[in-house]
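The values are calculated or read from the model by the stated rules, or taken from the named source; none is laboratory data. Every value quoted in this text rests on a predicted model; they were computed, and no experiment measured them. Because the Cβ atoms are built from the backbone with ideal geometry, glycine has one as well, and the counts that use them run over all protein chains shown. What goes into the accessible areas is simple: the full protein's heavy atoms, side chains included, and nothing from ligands, DNA or RNA. Shrake-Rupley method; radii C 1.70, N 1.55, O 1.52, S 1.80 Å.
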Amino acid sequence: MSGFVLPPPPQPSVAVAGSVSRLAVRRMFCVGRNYAEHAREMGHAPDEAPPFFFTKPADAVVDSGATVPYPPMTADLQHEAELVVAIGATGADLSPDEAARLVWGHAAGNDLTRRDLQAEAKALRRPWDMSKGFDASAVVGPVRPLSLGPFGDAAITCRVDGRITQQARLSDMIWDVPHLLSHLSRFVTLQPGDLVFTGTPAGVGPIARGQTVTVEIDRLAPATVTFS
């Protein structure tokens, strides 16, 4: 139709701790099996093989405190508590030290997974997209800018209706943040607004309608979501 112009899509974004400003989200990358005990609970032996990545669409991001519909096409929605790293500069093919300098901030996150669809995809050797990249599948708490001070090791906890289901320390990760970002930067050019989910500890489990899931990481605001 002559002269017809589509309106621009909304810009996905996440909250910034201590600010009314928001951080625009460009892309979201997630790493698989980055905690030894989680690898074992999923039936894999932890090892020093290079990390592997998958993606979620930027508009799958959800603010902490939201109530979202229970996703369709699944009978086994599961939580995955994760540290999320926000990228604030551009870089490719980086050393770990160079990659660490790209970090803008950190947040608590929940990589929601339709586990039954993932299991089916694995069995058929098909992509994971519909099990990981569905609507409202990435809950992210307010990002704590690195300018507020260094962020090192911390406890990570997931609670379902107040009951602890996951508990570990970030130092339990097989690949730490600088090495994860370094490896990812060999495949893509990291850009401001990219979010990287860094893997989940053992204890992933089901979520029912009406339940509230909270991911807590020391020194970060929690990432909380309720399912209607």
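Which members of the stretch 196-214 meet the condition of being of a type in the set (Val, Ile, Thr) and either modelled with pLDDT under 95 or closer than 24 Å to residue 87 by Cβ (or both)?
Narrowing the stretch 196-214 to residues of a type in the set (Val, Ile, Thr): 196, 198, 200, 204, 207, 212-214.
Matches in the stretch 196-214: 196, 198, 200.
Scan the stretch 47-86 residue by residue and report those that are modelled with pLDDT under 95 and surrounded by 15 or more Cβ atoms within 10 Å (Cβ to Cβ). The answer is 51, and nothing else. Among residues of the stretch 59-71 that are among the aromatic types (Phe, Trp, Tyr), those with a beta-carbon under 9 Å from a residue that is at pLDDT 95 or above at least six positions away or on a different chain give the pairs 70/77; 70/207; 70/208; 70/209; 70/210; 70/227; 70/228.
Answer yes if at least one residue in the stretch 215-223 is over 23 Å from residue 15 (Cβ atoms), over 14 Å from the mean Cα position of the chain (by Cα) and modelled with pLDDT of 95 or more, and no otherwise.
Our first condition is that a residue be over 23 Å from residue 15 (Cβ atoms); within the stretch 215-223, this holds for none.
Scanning the stretch 215-223, I find no residue that is over 23 Å from residue 15 (Cβ atoms), over 14 Å from the mean Cα position of the chain (by Cα) and modelled with pLDDT of 95 or more, so the answer is no.
You will find that of 148, 94, the residue that is out of contact with any Gly (no Cβ under 7 Å at 6 or more places or on another chain) and modelled with pLDDT under 95 is 148 and no other. Only one of the numbered conditions (1) within 19 Å of residue 13 (Cα to Cα); (2) assigned to a loop (DSSP other than H, G, I, E, B) is not met by residue 187, and that is (1). Pairs are defined by a Cβ separation below 8 Å, a sequence spacing of at least 6 or placement on different chains, a first member in the stretch 161-172 that is surrounded by 15 or more Cβ atoms within 10 Å (Cβ to Cβ), and a second member that is among the basic types (Lys, Arg); the pairs so defined are 165/159.
Could you list all residues from the stretch 136-147 that are open to solvent by 10 Å² or more (accessible area, probe 1.4 Å) and either polar (S, T, N, Q) or more than 16 Å from residue 80 (Cα to Cα) (or both)?
Within the stretch 136-147, the subset open to solvent by 10 Å² or more (accessible area, probe 1.4 Å) is 136, 142, 144-147.
Result: 142, 144, 145, 146, 147.
For residues that are in a loop (DSSP other than H, G, I, E, B) and either open to solvent by less than 10 Å² (accessible area, probe 1.4 Å) or not hydroxyl-bearing (Ser, Thr, Tyr) (or both), tally how many sit in the stretch 89-131. Please lay out each step first, then the result.
Initially, the stretch 89-131 is screened for residues in a loop (DSSP other than H, G, I, E, B), giving 89-90, 92-95, 101-102, 112, 125-128.
Next, only the ones that are either open to solvent by less than 10 Å² (accessible area, probe 1.4 Å) or not hydroxyl-bearing (Ser, Thr, Tyr) (or both) stay: 89, 92-94, 101-102, 112, 125-128.
Result for the stretch 89-131: 11.
Given the structure, is residue 191 of a type outside the set (A, V, I, L, M) and buried (at least 22 other Cβ atoms within 10 Å of the Cβ)?
Values: of a type outside the set (A, V, I, L, M): yes; buried (at least 22 other Cβ atoms within 10 Å of the Cβ): no.
For residue 191, the condition - of a type outside the set (A, V, I, L, M) and buried (at least 22 other Cβ atoms within 10 Å of the Cβ) - is not met.
Please indicate, with yes or no, whether at least one residue in the stretch 202-209 is touching a Phe, Trp or Tyr at 6+ places or on another chain (Cβ under 9 Å) and basic (Lys, Arg). Scanning the stretch 202-209, I find at least one residue that is touching a Phe, Trp or Tyr at 6+ places or on another chain (Cβ under 9 Å) and basic (Lys, Arg), so the answer is yes.
Would you check if residue 99 is in contact with a strand residue (DSSP E or B) (Cβ under 8 Å, 6 or more places away or on another chain) and either among the aliphatic types (A, V, I, L, M) or at pLDDT below 95 (or both)? Give the derivation first.
Details: in contact with a strand residue (DSSP E or B) (Cβ under 8 Å, 6 or more places away or on another chain): yes; either among the aliphatic types (A, V, I, L, M) or at pLDDT below 95 (or both): yes.
Against the criterion (in contact with a strand residue (DSSP E or B) (Cβ under 8 Å, 6 or more places away or on another chain) and either among the aliphatic types (A, V, I, L, M) or at pLDDT below 95 (or both)), residue 99 qualifies.
Among the candidates 54, 151, 134, which residue alone is assigned to a strand (DSSP E or B) and in contact (Cβ under 8 Å) with a residue 40 or more places away in the chain? Quick ask: steps written out before the conclusion?
Details: 151 fails: assigned to a strand (DSSP E or B); 134 fails: assigned to a strand (DSSP E or B).
That would be 54, the only listed residue that is assigned to a strand (DSSP E or B) and in contact (Cβ under 8 Å) with a residue 40 or more places away in the chain.
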